[in-house]
Each structure stands twice: as structure tokens, then as C-alpha cells.
Amino acid sequence: MKLKNYILLICLGSSMACSDLDIPPKNIIGDPEIFGTTVGTMSQIARMYSRIPLEDFRYSYDEGFNNGNSKYRHLSCTTGEAVGRDTPGAVQLDEAGYWGFAYSAMRDVNMFIETLPKYAAAHTPLNFKTYVAEAYFIRAFLYYSLVKRYGGVPKVDAVIDYPATVDIEGTKMFRASEEAIWDLIASDLDYAIANLPPTNQKGRATKYAAAALKSRTMLHAGSIAKYNTIDEEYNGARICGVPANRANDYFKAAYDASKILDETTAYGLYEAQWVDGNKAAQAANFGAIFLNDTKENIFVRYFKSPESMHDFDDNTQPKQTSSGNNDSEVCPTLDFVEMFEGFDKDASGNFQNLDANGKYKLYNSPLDAFANCEPRLNATVILPMSQFKNETIELRRGIWTGPVGTGIEPLMPAGSVVNYNTIYTESSDLKLSGSFAFNNDPLTFITLNDGSQMKRSGESGPVSDWDFGNISGFYLRKYLNPDLINTTGATSNQSWIEIRYAEVLLNRAEAANELFLAGVTTASSGENYQDEAFRCINLIRKRAGATLLTSATALSDINVVRTERRKELAFEHKTYWDLKRWRIFYDEQNNRRYRVLFAFYSTDADKYFFDARYQEIKGHNYLYNFDTRYYYQRIPETVTNPNCKQNPGY
């Protein structure tokens with residue numbers, strides 16, 4: 001059945017009746033009304049766009065897409081970028097079943113592609129060409145969302161007209177090979193690139209959005225071909241895994257797609273506020289990318305007040321700027337912060353909080369330790385005592401009231417995972433807060449040498465027990481709206497930037513570097529692959545305010561490119577899929593506990609010091625594991641098709 005019966009109105013009541021049952025119901029419209037008019041066609045296009053599975057502000061790894069409820073479990077809290085109060089450690093990630101949603105949306109797209117040509121005369125040639133190309137772009141996105149989760153899936157590139165022309169057995173399709181699905185995505189995007197216009201209405205795909213998406217998807221396919229070790233065949237198709245000899249094909253396709261954006265000056269790195277040598281301006285420039293519509297934006301989902309809102313600020317903001325509903329669900333880890341440059345590190349690259357004598361380094365302000373950090377970090381993370389919403393964000397774990405003498409010894413044994421309050425009692429020199437009720441009671445304030453008083457855990461924590469407030473010593477700044485006053489519930493309307501120009505440069509750099517390391521040195525356009533990767537990485541680093549790489553040979557270590565990607569695209573829901581396609585999730589999360597950095601104030605020294613340690617156990621264990629079978633997600637149990645063989649390990 002095709003779009004013959006679109007019910008636009010519902011019955012208004014039993015008192016309504018028809019005296020002539022042969023009169024066509026006015027609440028039913030057919031294909032001519034949908035596809036034969038601009039209004040009808042655009043309504044269908046809007047519907048298809050709304051069903052693109054963007055992992056935006058409303059996405060939760062255990063709730064799925066566009067869920068209107070509060071998001072207490074964020075994807076970035078499963079990757080080591082952050083820890084969250086409500087995100088436990090060992091979970092099967094991305095548990096939300098996506099299969100049925102995707103194929104329902106796919107049917108709409110296939111129906112559109114097959115039916116619109118019958119009504120081509122009702123549209124201008126340019127509009128007709130654009131409409132069809134948009135459908136191909138959307139179908140590629142749908143298949144990408146499937147293949148990156150499940151591997152090979154049934155290849156449905158035409159309407160299955162059940163029961164009119166296909167019986168029930170004809171609907172029970174076998175899974176195609178994973179390779180075939182990646183190739184279908186490439187083919188659909190090639191069509192979109194060739195037929196989409198260079199500009200389009202905001203929120204709709206363009207030629208360059210299709211090229212950018214192809215650079216992402218083909219990079220992913222190349223990584224699977226190179227790094228995947230899980231192979232599964234069924235009915236003659238390799239449903240898990242891609243032949244290794246296809247890796248360079250996909251990397252080259254990713255590279256070439258990224259180069260298409262060189263045709264235009266409409267897109268580029270946003271640098272309108274960037275000032276050479278001015279760290280504050282560089283940080284402000286980076287932060288502005290995520291709060292404005294800039295030339296960096298290639299494909300965006302727009303939110304609008306009051307029709308379409310999200311609750312990112314409510315969930316993620318510091319406790320002290322909250323209107324009272326929620327806060328602190330995304331707290332960046334020390335492991336993430338240590339990827340950045342500009343502060344003291346030891347030989348292992350860890351934050352150096354101890355001096356040569358093994359005593360804590362003392363600072364007039366916690367910010368002093370990060371005075372020389374790269375500006376991109378300041379724009380991504382709220383550091384302890386940073387300014388946000390014209391407030392000093394107080395991040396303090398406690399107050400040391402003991403003597404300083406020749407220095408303060410480490411508060412906890414190295415490698416400890418227990419909470420401080422299991423060792424330090426109220427009668428000790430370390431004054432802690434078990435909860436915010438205790439912390440905010442004036443009777444618990446600590447009197448300083450000048451007679452003033454200080455809350456033990458500041459305004460935002462952390463505190464000892466499971467409570468609201470910070471849990472890592474850092475807050476996320478990226479995407480937060482500093483001008484939002486009422487943060488309770490779904491009051492945010494920042495746009496979700498699904499694809500931006502920096503990602504395209506990083507896709508190009510990674511694809512080029514992979515090709516060079518595989519022995520393919522020169523692109524068809526003549527440039528050296530490693531030199532181009534080097535150029536792209538330095539463009540990103542310059543804008544970030546980081547030190548430029550001095551030689552392309554630094555890229556011989558693939559982690560240079562990967563780390564740059566993780567810093568630049570952090571908290572944009574890219575790292576999760578990067579760790580999967582690189583097949584290093586298990587390596588990073590094998591009984592992994594992430595590290596945090598807590599600021600303490602010393603009353604005797606009138607200075608701050610930092611304690612670096614593993615995340616405290618409270619509410620959840622926060623011990624992370626990743627089973628290698630999770631590289632391919634479980635096909636939902638609701639899929640009863642016996643020809644869709646379950647992925648290995650489930």
C-alpha cells in the first residue's frame with residue numbers, strides 16, 4: 001500500500017454522520033494531494049527530515065532519539081570524556097533499539113523516491129531534482145545509523161508493497177553484507193552530491209552537506225575494514241566485517257569527498273572573534289561556534305522557542321546556576337582534560353599536582369594551574385573558579401585546616417577509590433561536606449584567618465554522598481547558554497551542529513594519514529597525503545590556540561590525529577563512534593576507572609592545592625567495561641524475522 005490514505009483529521013464525535021456513504025471522506029487525501037502539490041511535498045520532506053536519527057541534545061544511549069524526557073545518561077559519560085551522576089560504569093552501551101524506527105522511516109523515503117517522479121510535472125525541474133536528492137541523503141543517513149550499530153542489515157532500497165504484491169515470506173529479507181550497506185550509502189550520497197544545490201533552506205541538505213556526510217561515513221567504513229576483527233557470515237553474506245582490501249578504497253572516498261568542500265568559500269573554520277596571541281579571544285571564538293549560526297555549520301538541526309526545545313542546560317549546568325531542577329550530569333574527567341596542553345604534566349602525561357618532594361603544589365587560585373592552557377580547553381570546560389554567568393563557579397572538595405609546615409602530604413594513597421570521608425572524620429584537619437544541606441548550613445562554615453567564612457564544598461561541590469552537584473572537579477562549558485536565566489526543564493534552544501567544517505578537515509586528515517601509512521603517498525589531485533593531513537591538523541590547532549606541529553612526520557603516530565579529533569569534537573557525540581570504529585573501546589575500558597581533579601583550600605597557607613584521584617564511588621560504582629561483542633549491537637528481540645541472524649555473542 002502506498003500513500004493512499006493519510007488521515008489528517010480525526011472523528012469529531014459520534015453525532016457526525018454521512019447521509020451518502022459514496023462521498024469521498026474529506027479527511028482522507030491521496031498521492032495527488034501529497035506529491036502533486038508543493039505544500040504536500042514539503043510536508044512529506046519535513047516529516048522525513050524530522051525522522052533523521054541525529055544524536056542531538058535529546059538523544060540518550062538507553063532512551064533513543066528525540067525522547068522528550070530529561071536526559072540523565074549522556075553518551076559522553078560512557079567514553080571517558082566525562083562522568084555523570086546517573087551514568088553507571090559497566091553498561092551495554094546504546095541499548096535503545098533503533099531497528100524498527102529506521103525501517104519505518106526508510107519506507108517513507110523509498111515511497112517518496114518511487115512516487116514523486118509520477119508527479120514531476122507539478123514541480124519546477126530544480127525543485128523536483130532537489131526533493132529527490134534530499135530523499136537519497138536522508139536514506140544514506142538512515143542506513144549509516146543502522147550499519148554503524150548492527151553491521152550488515154537488510155538492504156531495502158525499494159518499497160516492499162505488502163500485501164499487494166509481496167507475500168509475508170517476501171518481507172523476511174536476509175541481512176546484506178556490511179560491505180554492501182556501506183556501498184549503498186556511498187551510492188546514495190554520490191547521487192545527493194550530484195543533484196543537491198550548493199545552498200538550501202536552513203536545516204535542509206546541500207551538495208556540501210552530502211559531501212561532508214560521505215567523508216564521515218567512508219572514513220568509518222575504512223576503519224572497519226582496517227581494524228575490525230569480528231567476522232560473521234550468513235546466507236553467503238559477510239554480515240559483520242568488511243574485507244581488509246577495501247580499506248584504502250573507503251579512505252580515498254572519504255578524502256575525495258572532503259575535498260569537494262574546497263570548491264566553495266561558504267564554509268570554513270569560524271575565526272571571526274579569533275585574535276593572534278590573545279588566549280581570551282581565542283577561547284571566546286571557539287565557544288561562539290556552538291551558540292551561533294556560523295560559516296562552520298554544514299548540517300544543523302534547529303530548535304525554536306517555544307515549539308521545539310531541549311533541556312541540555314538544565315541537565316549539564318553548574319549547580320550554582322541552576323533554577324533548582326537538575327544539574328551536573330556531564331562532568332569532564334581529568335583524563336579528558338589531560339589531552340590538552342599548557343599545564344604541568346609528569347613523564348606519563350598526567351597532571352602534575354605534586355612538587356619534587358611529593359608534597360602538593362600550592363596556588364593562589366586553582367586557575368593559576370591552567371593559566372597557560374590552550375584556549376580551546378577553556379571554551380570546552382569550566383575549570384574550578386572560572387567565570388560563568390557572571391559567577392565564580394566554586395568547585396571545592398573540602399578545606400584543609402591543618403598546618404602546612406614543609407608541605408601538605410597527599411590526602412589519599414595512590415590508586416585509592418574510596419571516598420575521603422571513609423578516612424577523614426569531622427575531628428580531622430580535613431573538613432568535608434556529606435551533602436549540600438550540611439554544606440550550606442552556616443554552622444558548618446569554616447572561619448578563615450581574616451575572619452571571613454567559607455563553605456566547605458563551595459557552591460557547586462563535590463560533596464561526599466550521592467547528591468546533586470559536581471563529581472569530577474570540572475564542568476562542561478561547550479554548548480551551554482550563558483544568557484539563559486530559567487534553566488528548569490526544556491528551556492534551551494541551542495542548535496545541534498551535526499556536521500561542521502572542523503570535522504570535515506579532521507576526516508580528511510585521518511583518511512589521508514591512513515592512506516600514507518598504508519603506503520599510498522599521493523592523491524589523484526597531486527598533493528602528498530601526509531602533507532595535507534599535516535596542514536589540516538595545524539589549521540585546527542591554530543584556531544584552537546594550541547602549539548602547531550613542526551613536522552608532518554609527527555603524524556606517523558596515529559594517536560596525534562586521533563587525539564586532535566577527540567579534543568576538537570568532544571561532547572559532540574562523535575567520540576563514542578570513533579572509539580568503536582577504531583576498535584579501541586575495549587582497550588580503553590577494561591576495568592577502567594576514570595580520574596578526577598579536586599581543588600582543596602588550605603586555611604594556613606591561604607592557597608589552593610589539587611588532589612588527582614580516581615572517581616569516588618557513590619550511588620554507582622563507576623567502573624567501566626566494554627565487551628568486544630558490543631562493537632556490533634544486539635539486534636532487538638522484537639525483530640522476529642528468522643532470516644536476520646543475531647550478531648555474535650548475544
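Points worth noting:
- Matching residues in the stretch 167-203 - criterion: being of a type outside the set (Val, Ile, Thr) and in contact with a Leu (Cβ under 9 Å, 6 or more places away or on another chain): 176, 189, 192, 197
- Here residue 454 meets each of (1) within 30 Å of residue 315 (Cβ to Cβ); (2) of a type outside the set (D, E, K, R); (3) surrounded by fewer than 20 Cβ atoms within 10 Å (Cβ to Cβ); (4) free of Cβ contacts under 8 Å to residues at least 40 places away in the same chain with one exception, condition (4).
- Selection count where residues are out of contact with any Phe, Trp or Tyr (no Cβ under 9 Å at 6 or more places or on another chain) and either surrounded by fewer than 17 Cβ atoms within 10 Å (Cβ to Cβ) or among the charged types (D, E, K, R) (or both), scope the stretch 466-491: 6
- Residues in the stretch 267-296 that are assigned to a loop (DSSP other than H, G, I, E, B), under 30 Å from residue 313 (Cβ atoms) and of a type in the set (Gly, Ala, Ser): 268, 272.
- Cross-chain or 6+ apart pairs with Cβ under 7 Å, the stretch 573-600 first and on the phi > 0 side of the Ramachandran plot, then assigned to a strand (DSSP E or B): 591/625
- Some residue of the stretch 408-415 being surrounded by fewer than 19 Cβ atoms within 10 Å (Cβ to Cβ), at pLDDT 95 or above and β-branched (Val, Ile, Thr): no
- Scanning the stretch 514-535 turns up no residue that is crowded, with 16+ Cβ neighbours inside 10 Å, among the β-branched types (Val, Ile, Thr) and touching a residue at least 12 places away in the same chain (Cβ under 8 Å).
- Matching residues, the stretch 298-312, being surrounded by fewer than 21 Cβ atoms within 10 Å (Cβ to Cβ) and farther than 10 Å from residue 493 by Cβ: 300, 301
- Residue in the stretch 211-220 that is surrounded by fewer than 22 Cβ atoms within 10 Å (Cβ to Cβ), under 25 Å from the mean Cα position of the chain (by Cα) and among the hydrophobic types (A, V, I, L, M, F, W, C) present: no
- Checking each residue in the stretch 370-407 for being crowded, with 18+ Cβ neighbours inside 10 Å and of a type in the set (Val, Ile, Thr) picks out 380, 381, 382, 393, 399.
- Restricting the stretch 536-562 to residues that are assigned to a helix (DSSP H, G or I) and among the β-branched types (Val, Ile, Thr), the residue that is surrounded by the most Cβ atoms within 10 Å (Cβ to Cβ) is 537.
- Scope the stretch 297-321; condition over 27 Å from residue 474 (Cα atoms) and in contact (Cβ under 8 Å) with a residue 24 or more places away in the chain; matching residues: 297, 298, 299, 300, 301, 302, 303, 304, 305, 308
- Residues of the stretch 41-84 classified as under 22 Å from residue 142 (Cβ atoms) and either out of contact with any Leu (no Cβ under 9 Å at 6 or more places or on another chain) or aromatic (Phe, Trp, Tyr) (or both), total: 19
- Only residues that are at negative phi and not in a helix (DSSP H, G or I) were counted across the stretch 218-241, and they come to 11.
- On inspection, residue 565 does not qualify as surrounded by fewer than 20 Cβ atoms within 10 Å (Cβ to Cβ) and either basic (Lys, Arg) or touching a residue at least 12 places away in the same chain (Cβ under 8 Å) (or both).
- Taken over the stretch 36-77, residues that are over 22 Å from residue 489 (Cβ atoms) and not basic (Lys, Arg) amount to 15.
- The criterion of at least 3 residues that are free of Cβ contacts under 8 Å to residues at least 60 places away in the same chain, closer than 23 Å to residue 222 by Cα and in contact with a helix residue (DSSP H, G or I) (Cβ under 8 Å, 6 or more places away or on another chain) is met, among helices (runs of 4 or more DSSP H) falling completely within the stretch 84-203, by 125-150, 178-195.
- Subset of the stretch 47-83 (residues that are in contact with a Gly (Cβ under 9 Å, 6 or more places away or on another chain), of a type in the set (Gly, Ala, Ser) and either part of a helix (DSSP H, G or I) or closer than 23 Å to residue 466 by Cα (or both)): 70, 76
- Those residues of the stretch 601-647 which are farther than 30 Å from residue 403 by Cα, of a type in the set (A, V, I, L, M, F, W, C) and surrounded by fewer than 18 Cβ atoms within 10 Å (Cβ to Cβ), in sequence order: 623, 639
- Restricting the stretch 588-602 to residues that are within 26 Å of the chain's Cα centre (by Cα) and part of a strand (DSSP E or B), the residue that is farthest from residue 457 (Cα to Cα) is 590.
- Residue match in the stretch 613-636 (condition: more than 25 Å from the chain's Cα centre (by Cα), under 30 Å from residue 173 (Cβ atoms) and in a loop (DSSP other than H, G, I, E, B)): no
- Among the criteria (1) in a helix (DSSP H, G or I); (2) more than 30 Å from residue 284 (Cα to Cα), the one residue 519 does not fulfil is (1).
- Residues in the stretch 256-267 that are under 11 Å from residue 505 (Cα atoms) and surrounded by fewer than 16 Cβ atoms within 10 Å (Cβ to Cβ): 262 alone.
- Any hit, the stretch 612-634, residues being over 30 Å from residue 577 (Cβ atoms) and in contact (Cβ under 8 Å) with a residue 12 or more places away in the chain: no
- Against the conditions (1) free of Cβ contacts under 8 Å to residues at least 60 places away in the same chain; (2) touching an Asp or Glu at 6+ places or on another chain (Cβ under 8 Å); (3) within 14 Å of residue 610 (Cα to Cα), residue 412 satisfies every one except (1).
- Against the list (1) closer than 30 Å to residue 527 by Cβ; (2) polar (S, T, N, Q); (3) in a helix (DSSP H, G or I), the condition residue 320 fails is (1).
The values are calculated or read from the model by the stated rules, or taken from the named source; none is laboratory data. Keep in mind that what you see is a predicted model, and the values were worked out from it rather than measured. So basically every Cβ, Gly included, is an ideal-geometry build from the backbone, and we count neighbours across all protein chains shown.
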